[in-house]
1. What is the spin-label model distance, in nm, from GLU34 to CYS49 if the labels are put 7 Å beyond Cα along the C-beta direction?
2. Quick check: at a probe of 1.4 Å, how many percent of the accessible area of the chain sits on carbon and sulfur atoms?
3. For the residue pair TYR116 and HIS42, what label-to-label distance in nm results when each label sits 7 Å from Cα along the Cα-to-beta-carbon direction?
4. Given a 1.4 Å probe, how much area per residue of the chain is accessible, in Å²?
5. Just need the relative contact order of the range 53-129 here, percent rounded to a whole number, with Cα pairs under 8 Å and 6+ apart.
6. Could you give the Stokes-Einstein D for the range 34-82 in µm² per second, using the C-alpha Kirkwood radius, 37 °C, 0.692 mPa s?
7. Given only helices, namely DSSP H runs of n ≥ 4 each adding -39500 (n - 2.57), what is the per-residue ellipticity at 222 nm of the chain, to the nearest 500 deg cm²/dmol?
8. Assuming 1.567 mPa s and 4 °C, estimate D for the chain with Stokes-Einstein, Rh taken as the Kirkwood radius over Cα pairs, in µm²/s.
Amino acid sequence: MTDDPLRVIIRACVTDIPGNKFARSTRLAQDFSEQVRNRPFHNNLQAECHDSEHVLPGFDSDNPVNAWFIIDFNVKCSLSKEEVLALPHEVYLASRQGNSWVFTLRRGWIDKARNYCSMYKWGANYLQS
């Protein structure tokens with residue numbers, strides 16, 4: 001497993017994410033990290049290298065709507081928008097089957113998602129300036 005920076009973008013139905021609706025971003029990041037990356041989600045922001053999930057609009061809806069989720073893996077320092085665009089990106093469609101997630105890689109969505117999500121600062125929950 002590499003510790004190179006990676007931005008993961010996931011499309012999921014918000015009501016499929018178990019637990020408190022205000023913790024959905026973290027829960028999805030934890031589940032994805034354990035299931036796909038085969039490691040825990042390291043969200044200790046004081047660590048030299050950590051992971052960060054972004055809280056985007058719609059994540060806390062009570063209705064079964066699809067929303068985007070961004071997870072930045074291996075955050076070591078801040079990056080410019082141009083540096084974020086140059087990072088590897090992966091885009092997944094997430095769906096539930098019983099108590100399990102199915103994360104389907106969507107290579108055809110990468111360019112559009114990379115451009116849209118570049119407005120979000122690397123490792124943070126606010127927009128690029």
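The values are calculated or read from the model by the stated rules, or taken from the named source; none is laboratory data. Please read all numbers here as calculations on a predicted model, not as lab measurements. All Cβ positions, glycine included, derive from the backbone under ideal geometry; neighbour counts span all protein chains shown. Note: areas computed on protein heavy atoms with side chains; ligands, DNA, RNA excluded. Shrake-Rupley method; radii C 1.70, N 1.55, O 1.52, S 1.80 Å.
1. Each label point lies 7 Å from its Cα, and together they span 2.2 nm.
2. On the way: 3390 of 7050 Å².
Carbon and sulfur together cover 48 percent of it.
3. 3.0
4. Numbers: 7050 Å² over 129 residues.
Counting only protein heavy atoms, the per-residue value for the chain is 55 Å².
5. Relative contact order here is 32 percent.
6. Working: Rh = 12.8 Å.
D = 256 µm²/s.
7. Working: 3 runs with 26 residues, N = 129.
After summing the helix terms and dividing by the residues of the chain, the value is -5500 deg cm²/dmol.
8. Numbers: Rh = 14.8 Å.
Taking Rh from Cα pairs, D becomes 88 µm²/s.
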